[in-house]
Amino acid sequence: MNVSRMGFLKSALSALGFGASGAWRVFAAPPGWKPPKNPNLVFGAVSDTHLAAAALSGKPRKGWIHTYFRNALSYFRDQNVDAVVHCGDLAHRGMISELQYHANVWKNVFPGNRAPDGHVVEKLFVNGNHDTDGWGYGSNWAPRVYPDPAERAKHVLSPNMAGHWERIWGEPFREVWHKEVKGYHFFGRHHGVSEAKFAALVKAEAAKAGLLKSARPFFMLSHKRPSSALLKALRPCRNAVGFFGHWHHSCVDWNAIYFFKGASFPNVQVPSCEPRGSGALGAVARLPPVLPGVPVEGQENVGKTRQGYLVRVYDDMLVISRREFGVGGSLGPDWIMPLGRYKPHPLSFGELAKRIGEPQFRDGAKLGVEKGGDGITLSIPLADANPESRVYAYDVKIAGADEPVSRRVFAVGCNLPAGREPNGGVTKMFVPAVTLPCGDLLAVSVTPYSSLGTKGRPISALF
């Protein structure tokens, strides 16, 4: 830990209104805060772009690769990155053409693997289960479409992944690999490769490079999140930071930062940048479950978000900017990850919950209740009074003469940049009459929740 640099950070945050006691253990950048110097390293991170080519033509669906992956790479280029991470599932059906289209876009944005100023931009890519198995996680999709093995080998990556990877990307294919970028070390594991083999490489190369005795971070990349056995094997690697994909969880959800049991270092889930977006929401138990089958106006916009990170590396911290590459824009305050050995870590869930606060409705916010369509429609105003704690879901309780009814629903547009929510951020929720409690007078109460489960003050209405 560089004490003088951390002291500078504490002073800067104190000047912006943060108290002195433990205030430097922040997880979100305060408004107006900027790191005190240029970063040592900048890299972009995306995952699960899932280009799906038509089975027989091999052509991509209209606009997919040329929209979102290109948007991400163009943004990274404009931020003058030193490298780009991809955590796998480039090809949706495991087809050669799908991987090739990614390479075509890469070569267009970074010709000769170089940025506009001429410096080399390193590819830090691992493949995923869709690259190796195709659609269906190892189903018989490819044999059904290409029953002849010789013909199938002309279209599908898996019979010769190494050969196709080397030809398309112009670099050797290694099941586990180690690359150094501007003095920072990255370790990658392709999908399906033995975790024991990966752990052996990391420990051997980290020891050789002196990383286990250094405060400088190093990075481990994989498609799926590490198993408990791998985390146990890598326990000496306390200054590591893991990045993985696969789960498509939105990075608007603070639960995208993981501290697995037995892990000595944080792991960050890289969200999906595919056309269908990052839609696996509410999968973590800290958020009250959202009931399925509840029609909500604009609910389809919850998942349609194409996301990634810009990561800036400093002597004593990482600054992770969360970006959206569909409509474009920031997905909230930067995550500041102080480097070093902390207990508890400032990004652990308990610490996050203390600092994220509660989402709140604005003063005077009104809950709308309207009868019609054999039920009632609730119009829930956007709970945006606390910009540091973005609303993620609403808990709706309806009380009458008998047992109250409870419903939970995602806030409309919660995965899009603030200000880009559809319908002005008003979440409309229809509750069928047959599910309402009995009584001539119903009391409706709506409580806003953050993704970490912190909750604000409810608003209510009588109907």
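Tell me the residue from G112, G118, G128 that is of a type outside the set (F, W, Y), assigned by TED's automatic domain parsing to the domain that holds A53 and under 22 Å from the mean Cα position of the chain (by Cα), please.
Answer to the selection: G128.
Does the range 220-263 hold any residues that are in contact (Cβ under 8 Å) with a residue 60 or more places away in the chain, of a type in the set (A, V, I, L, M, F, W, C) and either surrounded by fewer than 23 Cβ atoms within 10 Å (Cβ to Cβ) or assigned to a strand (DSSP E or B) (or both), and which are they?
Listed by number, the residues that qualify are L221, V241, F243, F244, I257, F259.
For the range 394-415, enumerate the residues that are outside any strand (DSSP E or B) and surrounded by 16 or more Cβ atoms within 10 Å (Cβ to Cβ). Can you show your working first?
Initial filter on the range 394-415 (outside any strand (DSSP E or B)): 400-404, 411-415.
Hits for the range 394-415 are G400, A411, V412, G413, C414, N415.
Among the residues of the range 90-123, which ones are among the aromatic types (F, W, Y) and modelled with pLDDT of 95 or more?
Of everything in the range 90-123, those that are among the aromatic types (F, W, Y) and modelled with pLDDT of 95 or more turn out to be W106, F110.
Can you name the condition, by its number, that P448 falls short on among (1) at pLDDT 90 or above; (2) under 24 Å from the mean Cα position of the chain (by Cα); (3) part of a loop (DSSP other than H, G, I, E, B); (4) not β-branched (V, I, T)?
(3)
Show the residue pairs that are 6+ apart or on different chains and have beta-carbon atoms under 7 Å apart, the first residue being within the range 443-455 and outside the structural domain of R390 (by TED's automatic domain parsing), the second being buried (at least 24 other Cβ atoms within 10 Å of the Cβ) and of a type in the set (K, R).
Close Cβ pairs satisfying both conditions: none exist.
Being crowded, with 18+ Cβ neighbours inside 10 Å, hydrophobic (A, V, I, L, M, F, W, C) and either without any contact (Cβ under 8 Å) to a residue 60 or more places away in the chain or not assigned by TED's automatic domain parsing to the domain that holds V126 (or both) is true for just one of W165, W177. Which residue is that?
Details: W165 fails: either without any contact (Cβ under 8 Å) to a residue 60 or more places away in the chain or not assigned by TED's automatic domain parsing to the domain that holds V126 (or both).
Going through W165, W177 in turn, just one is crowded, with 18+ Cβ neighbours inside 10 Å, hydrophobic (A, V, I, L, M, F, W, C) and either without any contact (Cβ under 8 Å) to a residue 60 or more places away in the chain or not assigned by TED's automatic domain parsing to the domain that holds V126 (or both): W177.
Let me spell it out: the conditions are (1) touching a residue at least 60 places away in the same chain (Cβ under 8 Å); (2) in a strand (DSSP E or B), and T132 meets all of them except one. Which number is the exception?
Just one mismatch for T132, condition (2).
Hey, could you check the range 362-393 for residues that are of a type in the set (A, V, I, L, M, F, W, C) and assigned to a loop (DSSP other than H, G, I, E, B) and say which is modelled with the lowest pLDDT?
V391
Would you confirm whether any residue within the range 426-437 is assigned to a strand (DSSP E or B), charged (D, E, K, R) and at pLDDT 85 or above?
Yes, because at least one residue in the range 426-437 is assigned to a strand (DSSP E or B), charged (D, E, K, R) and at pLDDT 85 or above.
For the structure I just gave you, tell me whether V145 is over 24 Å from F219 (Cα atoms), surrounded by fewer than 22 Cβ atoms within 10 Å (Cβ to Cβ) and of a type in the set (A, V, I, L, M, F, W, C). Steps first, answer last, please.
Values: over 24 Å from F219 (Cα atoms): yes; surrounded by fewer than 22 Cβ atoms within 10 Å (Cβ to Cβ): yes; of a type in the set (A, V, I, L, M, F, W, C): yes.
So V145 fits the description; yes.
The values are calculated or read from the model by the stated rules, or taken from the named source; none is laboratory data. Just so we're clear, the structure is a prediction, and the values are computed from it rather than from any experiment. Virtual Cβ from ideal backbone geometry, glycine too; neighbours counted across all protein chains shown.
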